[in-house]
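Chemist: Sharing a structure, written as structure tokens. Questions coming.
The values are calculated or read from the model by the stated rules, or taken from the named source; none is laboratory data. Nothing here was measured: the structure is a model prediction, and the numbers come from that model. Cβ placement follows ideal geometry from the backbone for every residue including glycine, while neighbour counts extend to all protein chains displayed.
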Amino acid sequence: MDVRIESVRTIEIRSEGAKPLVFLRFLDDINTIFNCIFEGTSMPSKPEGVRRYIVMSKDGYLAEPLDTANLQPSTSTIRLAARARVAAPAPQMRVLDSLHDNGPKLVEMAPEGELSLRLSSPDLKIIPEVFYHRQWERFRVHQRPPRPAAKGTAVKKTTAKKASGKRTARKADASRVRLAATANIAATRFTVSVVARSGGAPIEGAHIVAFTNFAARQGAEATTGANGHATLNLLPPNQPLERVYVYAPAGYWGFYATRTTGANLAEIKLTSIDVSDPTLLLTQLYRRLPTSAGDGVTVAIIDSGVDGTHPDLTNVTGGLNCVSDEVRADPEAAQNWRPALTEGEHGTHVAGIVGGRGPAGGFRGVAPGVKLRSYRVFPDHPRPPPNNGASNFDIAKAIDTAVADKCDIINMSLGGGPKDDLTRAAIDRAIAAGVVVIAAAGNDDRSPVSFPAAFVECVAVSAMGRVGTFPKSSIGTSNVAKPKGKPQTGDFIADFSNFGPEIDTTGAGVEIVSTLPGTGHGSMSGTSMACPAVAGFAAYLLAKDPALKQKSGSSRSRALKDALYAACKPENFGRDYEGFGLPLP
């Protein structure tokens, strides 16, 4: 019997009430399983140590040696030549995906296969698949605190007797044990109530992260339910807490506290966000730009997807799901450029900063006149760490597609991965086509600039903030640090922002209010937010200069970069923190 499944998105195998244990994404893998079930055969074992690589031209992006039948995507494996002095069967390779017939390939094979391919194909370059991450400032607990020592009534163990009096004593002892256990549980957790500062309504969806040891990321976290309550386990009410972060749902500012205890946090009040507030940082910097700013310019958002149905994002004209695993499992998924099912709000927030266009008196981004396109590279279901980000293969596909779709500017609010030849080659092709690529410098607490922003071809953006543009109780307070700018402005470089000689500009990146999936707005921080602020301003510069728009190729991208740098005003942060400065009208 031959059972075939022609279309499937994802099959999840899970134990009841648990997270998915297995995600089956490939049609051939699923069909193999079903045929094994019906035919009674055993599952073929996957070769030990199989890894994913990119096979690309040694000297560029496209190459004739890549345009062969053996290097086109297939469910079959290719037998590679065995090395002469290796006593092992000839290694095998499977081509999973391809960027053009003569372009880079995503393949899987054992490390022995990589060595074999290097020997047999010296004109090709084999590099590992690597992953990049969203550059927003969001902390998570990495380890739970030690379980507190049990406290309660000590109960003397008794020996069972037949007499009824002894049975009564045992029941009384058991009752005291249960009461003591209940007391112990209550002593090792506390409940927080999160409400609106105005009116006191409970707030659902607020995520609380409490650290007993911030450096070790040790603590507990929980999310409020419909009643606004969240319980943090293994944290006694009197446990000293180094830091507490509350990441708020749409419509509210977050909350930050330090050197406190659970007992002091019985009720946390969140302040609502007013998108018409003139003190918001984007408003202070760019509100005087015309509503037509960016008209005729298209900006690519390479990110976690964008909600084009948001009422303030009517200028989203389309896009592509570039996550190879998802599209290979279901070709129709290519049109799923909407927000990813996991942490998909990031891309919608980024898009709003570039070009949100709300009604008069409502929210607006830097360049409301732009057209936006969404190229999703973060998957719906993240892979296990450390491969839980966006693949370099998918990012290269997104860059390639954005260029083909005539985008003028590419925004990449991602980073944190290693130096990567494929991403750089794709960026080089974009620049040769006249596109400017703007990337987030990274949020590694003043570490060197991360890739891809560290590539000289990119515009690398650090993150600055301004005291007074967010509530004192919000998370932005934790980001205030030196170096500080001009005393009269209250400006500072965020404590999380990377820095170094690769920095080209700084941008508004602390407590930036923008669009969230659905109809709401919220605040986020990170070089992820600073990057689109600069991208929006670059779109404004391109739109208002006809001579610049008429240029083409690398001369156009160079000219737009020069115009952007010329518009930057130094804020006295220092060269390695701000580059040319903050782009301002």
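Chemist: Do the conditions hold for Ala547, that is, is it among the small types (Gly, Ala, Ser) and buried (at least 24 other Cβ atoms within 10 Å of the Cβ)?
Modeler: no
Chemist: Within segment 537-585, which helices (runs of 4 or more DSSP H) (wholly inside it) include 1 or more residues that are over 27 Å from the mean Cα position of the chain (by Cα), in the same structural domain as Gly294 (by TED's automatic domain parsing) and over 29 Å from Gln488 (Cβ atoms)?
Modeler: Counting at least 1 such residues, we get 546-550, 553-566.
Chemist: Just checking, which of Gly518, Gly522 is under 15 Å from Glu137 (Cα atoms) and not in a helix (DSSP H, G or I)?
Modeler: When all the criteria are applied, what remains is Gly522.
Chemist: Also, quick follow-up: Looking for whichever is of a type outside the set (Ser, Thr, Tyr), out of contact with any Ser or Thr (no Cβ under 8 Å at 6 or more places or on another chain) and either modelled with pLDDT under 95 or within 29 Å of Asp59 (Cβ to Cβ) (or both) here; the options are Gly434, Gly520, Gly500. Which one fits?
Modeler: Gly500
Chemist: So which of Gly305, Gly358 is over 26 Å from Gly416 (Cβ atoms), touching a Ser or Thr at 6+ places or on another chain (Cβ under 9 Å) and small (Gly, Ala, Ser)?
Modeler: Unique residue meeting the criteria: Gly358.
Chemist: Could I ask something else about it? Out of everything in segment 253-270 that is assigned to a loop (DSSP other than H, G, I, E, B) and at pLDDT 95 or above, what residue ends up being nearest to Ala230 (Cα to Cα)?
Modeler: Gly254
Chemist: Just the residues that are of a type in the set (S, T, N, Q) and in a strand (DSSP E or B), please, taken from segment 83-140.
Modeler: Gln92, Ser98
Chemist: From the set of residues in segment 84-109 that are small (Gly, Ala, Ser) and surrounded by 19 or more Cβ atoms within 10 Å (Cβ to Cβ), which is nearest to Tyr53 (Cα to Cα)?
Modeler: Ser98
Chemist: I've got another one for you. For Val403, which of the numbered conditions (1) in a helix (DSSP H, G or I); (2) within 24 Å of Ile126 (Cα to Cα) fails to hold?
Modeler: The one condition Val403 does not meet is (2).
Every residue, every condition in (1) touching a residue at least 40 places away in the same chain (Cβ under 8 Å); (2) more than 16 Å from Ala441 (Cα to Cα); (3) not in a loop (DSSP other than H, G, I, E, B), yes or no:
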{"position": "Val456", "(1), (2), (3)": "yes, no, no"}
{"position": "Gly465", "(1), (2), (3)": "yes, no, yes"}
{"position": "Gly468", "(1), (2), (3)": "yes, yes, no"}
{"position": "Ser473", "(1), (2), (3)": "yes, yes, no"}
{"position": "Ser478", "(1), (2), (3)": "yes, yes, yes"}
{"position": "Lys482", "(1), (2), (3)": "no, yes, no"}
{"position": "Gln488", "(1), (2), (3)": "no, yes, no"}
{"position": "Asn498", "(1), (2), (3)": "yes, no, no"}
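Chemist: While we're here: For the condition touching a residue at least 24 places away in the same chain (Cβ under 8 Å), out of contact with any strand residue (DSSP E or B) (no Cβ under 8 Å at 6 or more places or on another chain) and of a type in the set (A, V, I, L, M), what is the one hit in Leu280, Leu289?
Modeler: Only one candidate qualifies: Leu289.
Chemist: When the residues of segment 218-238 are narrowed to those that are modelled with pLDDT of 95 or more and in a loop (DSSP other than H, G, I, E, B), which ends up surrounded by the most Cβ atoms within 10 Å (Cβ to Cβ)?
Modeler: The extreme case among them is Thr224.
Chemist: Would you be able to tell me the number of residues in segment 288-321 that are over 20 Å from Arg376 (Cβ atoms) and at pLDDT 95 or above?
Modeler: 10
Okay, residues lined up against (1) more than 17 Å from Leu270 (Cα to Cα); (2) out of contact with any Asp or Glu (no Cβ under 7 Å at 6 or more places or on another chain); (3) in the same structural domain as Thr477 (by TED's automatic domain parsing):
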| site | (1), (2), (3) |
| --- | --- |
| Ala222 | no, yes, no |
| Ala226 | no, no, no |
| Thr231 | yes, yes, no |
| Pro236 | yes, yes, no |
| Tyr247 | no, yes, no |
| Trp253 | no, yes, no |
| Tyr256 | no, yes, no |
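Chemist: Which of the residues spanning segment 398-413 are buried (at least 24 other Cβ atoms within 10 Å of the Cβ) and either over 18 Å from His133 (Cβ atoms) or out of contact with any Asp or Glu (no Cβ under 7 Å at 6 or more places or on another chain) (or both)?
Modeler: Within segment 398-413, the first condition is being buried (at least 24 other Cβ atoms within 10 Å of the Cβ), and the residues that meet it are 398-399, 402, 407-413.
Matches in segment 398-413: Ala398, Ile399, Ala402, Cys407, Asp408, Ile409, Ile410, Asn411, Met412.
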